[in-house]
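Please read the structure below before turning to the comments.
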Amino acid sequence: MAFRPSSIVILTGAGISAESGVATFRDKGGIWSRVRIEDVATPQAFARDPDRVHDFYNKRRAGLDSVAPNAAHLALARLEQEFAGDFLLVTQNIDDLHERAGSRKLIHMHGELAKALCLHCGQRNAWRDEMDTLTPCPSCSMGGGMRPDVVWFGEMPYQMDRISDRLQAADLFVSIGTSGTVYPAAGFVEEARSAGALTIELNLEPSAGHSHFHRSETGTASALVPAFVDSLLAGTIFNKD
């Protein structure tokens, strides 16, 4: 029987942006094989050596100018625009490729590289330039408190209550380009499936949690995602039964 969902939650991970040239973290040769998490991606690292942390994220932020959305990003933006029901895109990625492709119903659960957070006033601001320990906050004008608005290890991902509510209400959950090893995102499939959703994985290779999905398809995101979106919008996706 053809499956026509009324509520969709999509999760994307590093695999969808890797084809655009964005470096992954956990793959062989990824960022965490060259840089210690403890040195650049924890609140303790920032307190201990903020200059080093700023340098790491300044270089990554500058790299956004050399990458562009690929066919998978564009297909998800088209799905958001053409799907008549409830839609939410949750990404683990801190790049801005989904926005540049046209996605708007979007949660960056791990924060955004192109935003800054002020530890003094708590305000977030769009940020494309370099940042250092003297950079003043555009909102409160105080210096010494600006940091990348990214979720570091030991911090809680953003908008988890809203994500959980949408997973509970979804009748289709799709995971794209994720390793299935990073929690809490790795547990989304079980939460959605227990609530009755059809669950589908689109990944370069089966993830660590692929057995939790009703279906798992392997291939590049730029090939799988546009084809999936075409089928979904055409009403040719079939139910789990």
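Quick notes
- Residue that is most open to solvent (accessible area, probe 1.4 Å), among those in the range 51-96 that are of a type outside the set (A, V, I, L, M), part of a helix (DSSP H, G or I) and closer than 27 Å to Ala169 by Cα: Gln81
Every residue, every condition in (1) open to solvent by 70 Å² or more (accessible area, probe 1.4 Å); (2) of a type outside the set (Asp, Glu); (3) at pLDDT below 75; (4) not in a strand (DSSP E or B), yes or no:
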position	(1), (2), (3), (4)
Arg4	yes, yes, no, yes
Ile10	no, yes, no, no
Ile16	no, yes, no, yes
Ser20	no, yes, no, yes
Thr24	no, yes, yes, yes
Asp27	yes, no, yes, yes
Trp32	no, yes, yes, yes
Val35	no, yes, yes, yes
Asp39	no, no, no, yes
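- Filter result for the condition that a residue is open to solvent by 40 Å² or more (accessible area, probe 1.4 Å) and assigned to a loop (DSSP other than H, G, I, E, B), over Ala208, Ala223: Ala208
- In the range 188-206, the residues that are modelled with pLDDT under 95 form Cβ pairs under 7 Å with partners that are of a type outside the set (Gly, Ala, Ser) and surrounded by fewer than 18 Cβ atoms within 10 Å (Cβ to Cβ), at six or more places apart or across chains, as follows: Leu204/Thr218; Glu205/Thr218; Pro206/Thr218.
- Out of Asp165, Asp161, Asp129, sole residue that is open to solvent by 20 Å² or more (accessible area, probe 1.4 Å), more than 19 Å from the chain's Cα centre (by Cα) and among the charged types (D, E, K, R): Asp129
- Cβ-Cβ under 7 Å pairs, at least 6 apart or on other chains, the range 135-162 side among the polar types (S, T, N, Q), far side not in a loop (DSSP other than H, G, I, E, B): Thr135/Met146; Ser139/Cys118; Ser139/Asn125; Gln159/Ile107
- In the range 181-205, of all residues being closer than 18 Å to Ser17 by Cβ and either hydroxyl-bearing (Ser, Thr, Tyr) or in a loop (DSSP other than H, G, I, E, B) (or both), the one that is farthest from the chain's Cα centre (by Cα) corresponds to Glu205.
- Residue match in the range 218-233 (condition: within 21 Å of the chain's Cα centre (by Cα) and among the charged types (D, E, K, R)): no
- Unique match (being assigned to a loop (DSSP other than H, G, I, E, B) and acidic (Asp, Glu)) among Asp129, Asp161, Asp165: Asp129
- Subset of the range 132-158 (residues that are within 16 Å of Phe56 (Cβ to Cβ) and open to solvent by less than 70 Å² (accessible area, probe 1.4 Å)): Thr133, Thr135, Met146, Arg147, Pro148, Asp149, Val150, Val151, Trp152
- Residue list for the range 97-116, filter: touching a strand residue (DSSP E or B) at 6+ places or on another chain (Cβ under 8 Å) and either open to solvent by less than 20 Å² (accessible area, probe 1.4 Å) or of a type in the set (S, T, N, Q) (or both): His98, Ser103, Ile107, His108, Met109, Gly111, Leu113, Ala114, Ala116
- The lone exception for Phe153 - which of (1) of a type in the set (A, V, I, L, M, F, W, C); (2) assigned to a loop (DSSP other than H, G, I, E, B); (3) touching a Phe, Trp or Tyr at 6+ places or on another chain (Cβ under 8 Å) it fails: (3)
- Only one of the listed residues (Arg104, Arg128, Arg78) is touching a residue at least 24 places away in the same chain (Cβ under 8 Å), closer than 15 Å to Val150 by Cα and not aromatic (Phe, Trp, Tyr). That residue is Arg128.
The values are calculated or read from the model by the stated rules, or taken from the named source; none is laboratory data. Because the structure is predicted, anything quoted here is derived from the model rather than measured. Cβ coordinates were reconstructed from backbone atoms using ideal geometry, including for glycine residues, and neighbour counts include every protein chain displayed. Only protein heavy atoms, including side chains, enter the accessible area calculation; ligands, DNA and RNA are left aside. Shrake-Rupley method; radii C 1.70, N 1.55, O 1.52, S 1.80 Å.
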